[in-house]
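Accompanying notes for the structure given below.
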Protein chains: 4
Amino acid sequence: MALAPERRKVIVDPFFRGMGEIFSDVDAERLAQLFEVVWGRDEPMPLDEFEAALPGTLAVVSSGWRYGPILGRADELRAILTVGGGWPPELDYAQCEKHGIRVLSAAPAFARAVAEMALALALACSRNLVAEDRAMRAGTERFLSNADDLDTFHVLGKRVGFVGFGNIGRQLRRFLEPFACELRAYDPWLTGAYLREEGVEPTGLVELLETSRFVFVLASPSSENEALLSRDLLELIQADAVLVLASRAHVVDFDALTELVLAGRFRAAIDVYPSEPLALDHPIRGASGAVLSPHRAGLTKEALREIGGRVVDDLDAIAKGLPPRRLQVAEPELASRYVRTTTVTTPRPGAVAT
Amino acid sequence: MALAPERRKVIVDPFFRGMGEIFSDVDAERLAQLFEVVWGRDEPMPLDEFEAALPGTLAVVSSGWRYGPILGRADELRAILTVGGGWPPELDYAQCEKHGIRVLSAAPAFARAVAEMALALALACSRNLVAEDRAMRAGTERFLSNADDLDTFHVLGKRVGFVGFGNIGRQLRRFLEPFACELRAYDPWLTGAYLREEGVEPTGLVELLETSRFVFVLASPSSENEALLSRDLLELIQADAVLVLASRAHVVDFDALTELVLAGRFRAAIDVYPSEPLALDHPIRGASGAVLSPHRAGLTKEALREIGGRVVDDLDAIAKGLPPRRLQVAEPELASRYVRTTTVTTPRPGAVAT
Amino acid sequence: MALAPERRKVIVDPFFRGMGEIFSDVDAERLAQLFEVVWGRDEPMPLDEFEAALPGTLAVVSSGWRYGPILGRADELRAILTVGGGWPPELDYAQCEKHGIRVLSAAPAFARAVAEMALALALACSRNLVAEDRAMRAGTERFLSNADDLDTFHVLGKRVGFVGFGNIGRQLRRFLEPFACELRAYDPWLTGAYLREEGVEPTGLVELLETSRFVFVLASPSSENEALLSRDLLELIQADAVLVLASRAHVVDFDALTELVLAGRFRAAIDVYPSEPLALDHPIRGASGAVLSPHRAGLTKEALREIGGRVVDDLDAIAKGLPPRRLQVAEPELASRYVRTTTVTTPRPGAVAT
Amino acid sequence: MALAPERRKVIVDPFFRGMGEIFSDVDAERLAQLFEVVWGRDEPMPLDEFEAALPGTLAVVSSGWRYGPILGRADELRAILTVGGGWPPELDYAQCEKHGIRVLSAAPAFARAVAEMALALALACSRNLVAEDRAMRAGTERFLSNADDLDTFHVLGKRVGFVGFGNIGRQLRRFLEPFACELRAYDPWLTGAYLREEGVEPTGLVELLETSRFVFVLASPSSENEALLSRDLLELIQADAVLVLASRAHVVDFDALTELVLAGRFRAAIDVYPSEPLALDHPIRGASGAVLSPHRAGLTKEALREIGGRVVDDLDAIAKGLPPRRLQVAEPELASRYVRTTTVTTPRPGAVAT
């Protein structure tokens, strides 16, 4: 039976995320009632304050780990809860496990936002929404009575391939269920038995690219998958297929992708780029067969608020001596292979919202 | 037990649809094997030939009913299978029923295409895909690190209202199932008990418009619902809601809709217009808060081929003395209220595909 | 838009069902508010009263049709709503259709009750619940540590065959969905395309019996399927299979079934018998490999109350000029083939509830 | 990308499970191809042989832990895979974690078997299958034409309460999905947010017992929940409710349960007992309102074979440096609270299979 938790000390230093961005009023209130919150401001916690606060602290909520070595100082630390979607490369996951410190990632908070966006991009691409809207505004659209020269197709019933099948893939599979697609996945970090249990058929990367009508690139960036989708592999994609790039540009040879899409070899919906902001003269900006999105898949108010909710839920569990279940627990085998790739930086000066 | 069907005579005159457009090779072969096909060409059947062929004919496959009175001549006619999505107003449905002639509509063949498109439009609108793509091409997009001034939101978990809940609504409900939305429907042709059994909560139109974050307008055009969504009603829609117009413009006060969307009162995704092609100077073309589509929801190769498949399936059933189940059987109460509205006409001269 | 219905006259004569058995207080109240109810008592309506009441009557709610010819007297009759699960053979369905009179069956009210029971029987049989309970009471059970000589198996993942795929089959398919079974169906009244759309693979009867681990006999009794499952066909069933007989004994050669189950050829769960009450000395009563149920699949309070709810819903629709959608509308092709088989009669004198 | 695994040494000592009982031919073959298997026989491995084999061993597959202290000897040990459904109390889970040794339980292999059985028991109890079968054999059944004195009810649409919501509960929730029940759960080891995400509403134990029509007792036995369902709590259960006891008798006051069921206070389906084999004169054996099963919920050939499949899958993952995902990884917080309760022992002499 759960004991009433004592009011333990928790360091909350989520910058670059804002406190109000991730914590709803309800969650901020729960946090304050359950814990003695240290810091909790919208700027980075000074390292000396952090150092002073660490002894006796049950958990740290942070955006990464910029605080130096943990051991010897963090006598009561049980968990590090990161508010990003990846695994901070600065942490030594095996050491954390050895000392009974769980490292948690907010990836689950983004899974539904990114999966919804991946589906939205796939539909927009295959049903040609963006180009048709452009034509309507230019007055060049055609109202037709037959489908002879239509260049659109359904997601319904098509073969779909997932490159990487983690949090996002599992959620996207759920969204795709009513579409009766044939689902395949390539993920070298997962066994075939696991994939089958999750409702997708394991397949090799070559076969996946050659046979899928929709290819969802969802793999987390790792030390092993830089430009995994090389030019040679990208060239295997079917002429009328749609590639949705929703995790990180790290995973593809972006120059090759750009050329192939510009050449009309297949369609693509792209949310992430090798450098962001993307250079104004990058040729992908002119690709008529592409749907382009400025890294928006996970960035929604709903997803950010979900981070805060999951953080408080898991802090609550940890304080009660229970395992956390709402954020994702680092597995040293995988977390240590994660690499941080180019992510969002400051806006280009003068850029205007649309 | 099914008897082997004799090879009965069937008139196939689907023009304005093309034979190859609706019948796959497999279905064309099935049709030819099961029946003696009369006409079956890509132009309208001359009326005198029709007249001559009618006696002894089991069924007519056509795009409407331009053949004059039925009775007295169609001694063995058991079914009229129309290849459009509505009910030809030229037919007397009560008379057909009285004479044991079933009238069938191809609406079910379009339901999945239109429902998929309705979801695609809703996602494109709420996740702001079209405007962001436009910004990427103009170089005015912003790569952000927080969501503070983002103007996007999820479909996930929102309240959704269906105006009209027929074939398309039922299919869209299935697509929306993984999104855990709160589903409401307004449909005066259906009882509350039926709607609840179908998994949506019946609701009044005013409440639906006032409380839904997504409003899907899916009602078939009838003699009762012209401009059902009047200016007054449209003004009830929430500031941050998305209206998806996917059935017919007939159902809304399109001038009011245009003004409200131009004024930024809510967002809209629009596939159908009061006249098509839409006038080049129609102000809706400039609405930045809209996603515009030139009547493409049902017009896919997959949907058209589904018509042919369902036609052959049901001809097969009818020849075996079984009830048809793949097309929709006219209910006189409702079919007779259907009106034909502006639909696709010839392309504007000089219009260019995009 | 629906007009407020006038308060039309409806004859309600559901005997052998009781008024309170089928109408909840809420539904009885709705009925009284919406209609001028004629009769509405727990005994059969005298024929002369019926005769006198018929002119001006909108609809008749009855358990069959014992009132003689309809036409000429039923000037305003639009619907006959039967409170049983089948189609009264006394009615001429083609004539009814010709005169615009819909005949409705309460079969949908029983579908969930029967489908739930069919699943319950299948599970009880394959997991050996009844025999193990008997052993526990006799003190002859064995508590084991391995499964070597266990004679039980899962429904999960097995191949399932439906003999007949109507209301009950469709509902049972939904119940079976989480069990990831391979679903096959044999139904000569349905086309393969329809079955596939409903999520089951059409198959021949021989193949179905030879390959299914669970065989659900759900076919309505018709003039075409008496003893459809003959001795020869029953002998095709696998040694370790379970046959669930849930619709009517009419469909099987019951003597052959009895012998095969007594001989241990396969297992069976049986809810219906050639004559009911079943003779006390019928050998099936001693079959240890059977689960026996005294015709209880559809007979639940919930199902009976659902009849009343659906009756009022559809009367309401009909009065509003809308098609009924909660009961099942007779299709003349099929309704006329239905036969009434031995059903429940009076209890054996002296029989005691258990 | 996965590296080809080297052929590492694995000790396989699953006794009391048999090798052939848990490993299908296919899995036995996979095991032999992937690993150098040490022991692998149907009797307990002698401790000195174990001791000698431990250095260099990657993983141990066993039914518990009877090998004494681990550390210092198991230099390359990465995982202990237990073939039972619980957590061996002999292991120090915190120490294992500190040394990077994952402890895995075969609980997931049993989840579907037990959940299927729990549903089977619930249906058998509410639809009264066992008592009606008994009546059919005694000739005391009644064939009825109305439901007035029927004592059966549906699972469909009822309120269901889970006491404990782990592997089995999650699977049972899936089976119950088509039944449209209102699902509540009490589990002090899980937060409300987690339960809601899993599709059940968290609730207190008192409210759960007072309001549920079906109560599923699925909690693992722990140091905290002995006789959790005390007499006082059991007395809260509704008069017409069904209690399904499927995890361990440890969790209930079995004497009180027996008395209440004998007194007809509610119904129960019971698979587990305080001591097994159950005493021949235990009064529960005579409870007519109970369905009794001799600890059969998890004991199926399919479940046992699933153990072996999952063991090989996870050994494969571990050898490749990947996290195991098919068995359940011990969380020290919870695994250490598990207690071993009376489980299956040798059959009573002279007991005969039924």
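The values are calculated or read from the model by the stated rules, or taken from the named source; none is laboratory data. Treat the numbers as computed from the prediction; the structure is a model and nothing was measured. Note that each Cβ is placed from the backbone with ideal geometry, even for glycine, and that neighbours are counted across all protein chains shown.
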Can you name every residue in the range D:164-174 that is over 20 Å from A:G321 (Cα atoms) and either modelled with pLDDT under 95 or surrounded by 22 or more Cβ atoms within 10 Å (Cβ to Cβ) (or both)?
-> D:I168, D:G169, D:Q171, D:L172
Any idea which residue in the range C:270-293 is nearest to the other protein chains (Cβ to nearest Cβ), counting only those that are buried (at least 24 other Cβ atoms within 10 Å of the Cβ) and within 15 Å of the chain's Cα centre (by Cα)?
-> C:S293
Quick check, is D:P69 farther than 15 Å from D:V38 by Cβ and touching a Phe, Trp or Tyr at 6+ places or on another chain (Cβ under 6 Å)?
-> no
Any idea which residue in the range A:139-161 is farthest from the chain's Cα centre (by Cα), counting only those that are within 7 Å of chain B (Cβ to nearest Cβ) and more than 30 Å from B:D281 (Cβ to Cβ)?
-> A:F153
So B:L304, is it surrounded by 18 or more Cβ atoms within 10 Å (Cβ to Cβ), more than 8 Å from chain A (Cβ to nearest Cβ), assigned to a helix (DSSP H, G or I) and of a type in the set (A, V, I, L, M, F, W, C) | no
State yes or no: is C:Q95 buried (at least 22 other Cβ atoms within 10 Å of the Cβ), more than 7 Å from chain D (Cβ to nearest Cβ) and not hydrophobic (A, V, I, L, M, F, W, C)?
-> no
Of the residues in the range B:66-92 that are β-branched (V, I, T) and in a loop (DSSP other than H, G, I, E, B), the one that is surrounded by the fewest Cβ atoms within 10 Å (Cβ to Cβ) is B:I70
List pairs: first in the range C:162-178 and away from chain D (no Cβ under 12 Å) and free of Cβ contacts under 8 Å to residues at least 24 places away in the same chain, second assigned to a helix (DSSP H, G or I) and of a type in the set (G, A, S), Cβ under 9 Å, 6+ apart or cross-chain?
-> none
Within the bounds of the range B:253-263, is there any residue that is out of contact with any Pro (no Cβ under 7 Å at 6 or more places or on another chain) and touching a residue at least 60 places away in the same chain (Cβ under 8 Å)?
-> no
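Scan the range C:26-36 and tell me whether some residue there is among the β-branched types (V, I, T) and farther than 15 Å from C:T82 by Cα.
Taking the range C:26-36 first, the residues among the β-branched types (V, I, T) are C:26.
Within this subset, residues satisfying the condition of being farther than 15 Å from C:T82 by Cα are C:26.
Yes.
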Check the range C:196-216 and report whether any residue there is in contact with a strand residue (DSSP E or B) (Cβ under 7 Å, 6 or more places away or on another chain) and at positive phi.
-> yes
With A:L257, A:L209, A:L195 as the choices, which residue is within 13 Å of another protein chain (Cβ to nearest Cβ), among the aliphatic types (A, V, I, L, M) and either surrounded by 22 or more Cβ atoms within 10 Å (Cβ to Cβ) or under 30 Å from A:R17 (Cβ atoms) (or both)?
-> A:L195
Out of (1) surrounded by fewer than 22 Cβ atoms within 10 Å (Cβ to Cβ); (2) out of contact with any Ser or Thr (no Cβ under 7 Å at 6 or more places or on another chain); (3) of a type in the set (A, V, I, L, M, F, W, C), the one B:F153 does not meet is (2)
Residues being away from chain C (no Cβ under 13 Å) and either modelled with pLDDT under 95 or crowded, with 24+ Cβ neighbours inside 10 Å (or both): count how many of those fall in the range B:212-224.
-> 8
What is the residue count in the range D:76-91 for residues that are without any contact (Cβ under 8 Å) to a residue 60 or more places away in the chain and farther than 23 Å from D:A319 by Cα?
-> 1
Scan of the range C:225-243 for residues that are buried (at least 22 other Cβ atoms within 10 Å of the Cβ) and within 12 Å of another protein chain (Cβ to nearest Cβ), ordered by number | C:N225
Using the structure shown, decide if D:G100 is in a loop (DSSP other than H, G, I, E, B), modelled with pLDDT under 95, surrounded by fewer than 22 Cβ atoms within 10 Å (Cβ to Cβ) and at negative phi.
-> no
Among (1) within 9 Å of another protein chain (Cβ to nearest Cβ); (2) surrounded by fewer than 19 Cβ atoms within 10 Å (Cβ to Cβ); (3) over 30 Å from C:G286 (Cα atoms), where does D:G204 come up short?
-> (1)
Are there any pairs with C-beta distances below 8 angstrom linking a residue in the range C:62-75 that is without any contact (Cβ under 8 Å) to a residue 12 or more places away in the chain to a residue that is part of a loop (DSSP other than H, G, I, E, B), with the two at least 6 apart or on different chains, and if so which?
-> none
Breaking point among (1) buried (at least 22 other Cβ atoms within 10 Å of the Cβ); (2) within 7 Å of chain B (Cβ to nearest Cβ), for A:C125 = (2)
Evaluate the following for B:V114: is it assigned to a helix (DSSP H, G or I), β-branched (V, I, T) and either within 14 Å of chain A (Cβ to nearest Cβ) or crowded, with 18+ Cβ neighbours inside 10 Å (or both)?
-> yes
Checked A:A109, A:A122 against criteria (on the phi < 0 side of the Ramachandran plot, part of a helix (DSSP H, G or I), touching a strand residue (DSSP E or B) at 6+ places or on another chain (Cβ under 7 Å) and not acidic (D, E)); the one match is A:A122
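Please find, among C:R325, C:R310, the residue that is facing chain B (nearest Cβ under 9 Å) and under 26 Å from C:V244 (Cβ atoms).
Criteria check complete, one pass: C:R310.
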Conditions: (1) basic (K, R); (2) within 12 Å of chain A (Cβ to nearest Cβ); (3) under 15 Å from B:F216 (Cα atoms). B:R184 meets all but one. Number of the miss?
-> (2)
